[in-house]
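Below you'll find the structure, written out as structure tokens, and then a few comments.
The values are calculated or read from the model by the stated rules, or taken from the named source; none is laboratory data. Owing to the predicted nature of the structure, the values given are computational and were not obtained by experimental measurement. Cβ placement follows ideal geometry from the backbone for every residue including glycine, while neighbour counts extend to all protein chains displayed.
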Amino acid sequence: MQRNYTTAAVVGLTVLAVALFGAMAVSGAVGADSVQESSADERISVSATGSAETQPDLAKLQVVIKSEGEDPATIREELADSSSELEEALNEADVDYKTVDYEIREPYRNEPDSPNYVGRHAFQITVNNPDNVGDIVDVATSAGAEIQRLDMTLSDEKRQELRDQAIENAMDDARHQAETIATAGDLVVNDVITVDASQRGYRPLTFNSTPQADGGDGAATSIQTGQVSVSYSVSVTYDAAS
């Protein structure tokens, strides 16, 4: 009976050893597959720039009323009269405007023929239809104002649309670059891992002097506009595999 117990113990130990060896073999095989799969992962990082442009749909015109004289009270009165005339003309033209600067001061340079005081009242005029800018320039100058600056730009909604288009163009270019690199390296581009985007430029059309009429005396002012552009840059990292 004692010998039978010994034989059974030996058989039990043998079965246990075989089971442990099998478990170790399976575990080793799974570990090897995981390492191999991880080492096959690749990443491709590229940078790209996209741009979009369109016709302006908004104009902002800055005009100024000026006066000079011997005392501040006189200048204040002259500015008030001239500003009232300009505001009446702008109201009749049905455009939005606001005061952006007002001052009465002594001249910065004290020259022999300099007045004791100078004054200015600056307005910003918003024109929702850029085709009408020339007419508003004529309205303002006829009321005694000087043109300081003209920006042909975009409304917030239009600028958002143009920005989105620029980003899409940048991402398309980034994908094209990544696929070109992947093809050269016998890889396949998969999903995007990270994206970093930033606006590189926004260029409205700016005129810093008084626009000139196309024709002779009495001719209406005509403003020739171009394209407003937006550009965006992106840095993209893609997951790739062989």
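Quick test of your reading of the structure: Ser67 fulfils all but one of (1) farther than 30 Å from Asp156 by Cα; (2) among the polar types (S, T, N, Q); (3) part of a helix (DSSP H, G or I). Name the failing condition by number.
Ser67 satisfies every listed condition except (3).
Scan the range 108-125 residue by residue and report those that are more than 15 Å from Ile75 (Cα to Cα) and either surrounded by fewer than 15 Cβ atoms within 10 Å (Cβ to Cβ) or over 34 Å from the mean Cα position of the chain (by Cα) (or both).
Tyr108, Arg109, Asn110, Glu111, Pro112, Asp113
Suppose we filter Asp135, Asp196, Asp173 for residues that are among the charged types (D, E, K, R), touching a Ser or Thr at 6+ places or on another chain (Cβ under 9 Å) and under 30 Å from Ala89 (Cα atoms); which single one remains?
Numbers: Asp196 fails: under 30 Å from Ala89 (Cα atoms); Asp173 fails: under 30 Å from Ala89 (Cα atoms).
Just a single option satisfies the conditions, and that option is Asp135.
Which numbered condition trips up Arg105, out of (1) surrounded by fewer than 17 Cβ atoms within 10 Å (Cβ to Cβ); (2) among the basic types (Lys, Arg); (3) at pLDDT 95 or above?
Here Arg105 meets the rest and fails (3).
So which residues in the range 66-101 are of a type in the set (S, T, N, Q) and more than 18 Å from Gln124 (Cβ to Cβ), if there are any at all?
Within the range 66-101, Ser67, Thr74 meet the criteria.
Just one of Asp156, Asp94, Asp131 is on the phi > 0 side of the Ramachandran plot and either acidic (Asp, Glu) or in contact (Cβ under 8 Å) with a residue 60 or more places away in the chain (or both); which is it?
Only one candidate qualifies: Asp94.
Out of curiosity, is Val100 surrounded by fewer than 16 Cβ atoms within 10 Å (Cβ to Cβ), among the β-branched types (Val, Ile, Thr), in the same structural domain as Arg149 (by TED's automatic domain parsing) and not in a loop (DSSP other than H, G, I, E, B)?
Yes; evaluated as a whole, the condition is true for this residue.
Out of everything in the range 59-83 that is under 34 Å from the mean Cα position of the chain (by Cα) and of a type outside the set (A, V, I, L, M, F, W, C), what residue ends up being surrounded by the most Cβ atoms within 10 Å (Cβ to Cβ)?
The initial filter retains those residues of the range 59-83 that are under 34 Å from the mean Cα position of the chain (by Cα), namely 59-65.
Still in the running and of a type outside the set (A, V, I, L, M, F, W, C): 60, 62.
Working: Lys60: 17, Gln62: 19.
Filtering the range 59-83 for residues that are under 34 Å from the mean Cα position of the chain (by Cα) and of a type outside the set (A, V, I, L, M, F, W, C), the one surrounded by the most Cβ atoms within 10 Å (Cβ to Cβ) comes out as Gln62.
Quick check: anything in the range 164-176 in contact with a strand residue (DSSP E or B) (Cβ under 9 Å, 6 or more places away or on another chain), of a type in the set (Lys, Arg) and at pLDDT below 95?
no
On the given criteria, is Asp81 of a type in the set (Asp, Glu), at pLDDT below 95 and either under 30 Å from Ala241 (Cα atoms) or in a helix (DSSP H, G or I) (or both)?
The answer is no for Asp81.
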